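*Asks:* The structure's right below; bear with me while I get my questions together.
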Amino acid sequence: MAKATKPADLRAKTADELNALLLDLKREQLNLRFQQATGQTEGQSRIRVVRREIARIKTIVAQNEKSAAGAKTSAAIS
């Protein structure tokens, strides 16, 4: 992933796609941390971008879960 993903693009994805993307980003973050520890990092900014992408995806997943839970409770009330 070379460029930051926009939240609107992420909201259009399914939960499985978001989880797969999250797993890929966590792997990349691990690799970047190892590179940083050994002094082999090419770009320090990529670490920050990956960290923010992970947070962005986690936020959207949490919003999706909250809206799904809200829909279930409102259906149970009616």
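The values are calculated or read from the model by the stated rules, or taken from the named source; none is laboratory data. Just so it is clear, the model here is predicted, and its values are computed rather than measured. When we count neighbours, we look across all protein chains shown, and the Cβ atoms used for this are built from the backbone with ideal geometry, even at glycine.
*Asks:* Within the group ALA55, ALA8, ALA68, which residue is part of a helix (DSSP H, G or I), of a type in the set (Gly, Ala, Ser) and at pLDDT 95 or above?
*Replies:* Numbers: ALA8 fails: at pLDDT 95 or above; ALA68 fails: at pLDDT 95 or above.
On inspection, the qualifying residue turns out to be ALA55.
*Asks:* Also: Limited to region 11-52, what total is found for residues that are touching a residue at least 12 places away in the same chain (Cβ under 8 Å) and either outside any helix (DSSP H, G or I) or closer than 25 Å to ASN64 by Cβ (or both)? Even if it seems obvious, please write down each step before you answer.
*Replies:* Within region 11-52, the first condition is being touching a residue at least 12 places away in the same chain (Cβ under 8 Å), and the residues that meet it are 11, 15, 18-19, 21-22, 24-26, 28-29, 32-33, 46-47, 49-52.
Those still in the list that are either outside any helix (DSSP H, G or I) or closer than 25 Å to ASN64 by Cβ (or both) too: 11, 15, 18-19, 21-22, 24-26, 28-29, 49-52.
Residues flagged as touching a residue at least 12 places away in the same chain (Cβ under 8 Å) and either outside any helix (DSSP H, G or I) or closer than 25 Å to ASN64 by Cβ (or both) within region 11-52 amount to 15.
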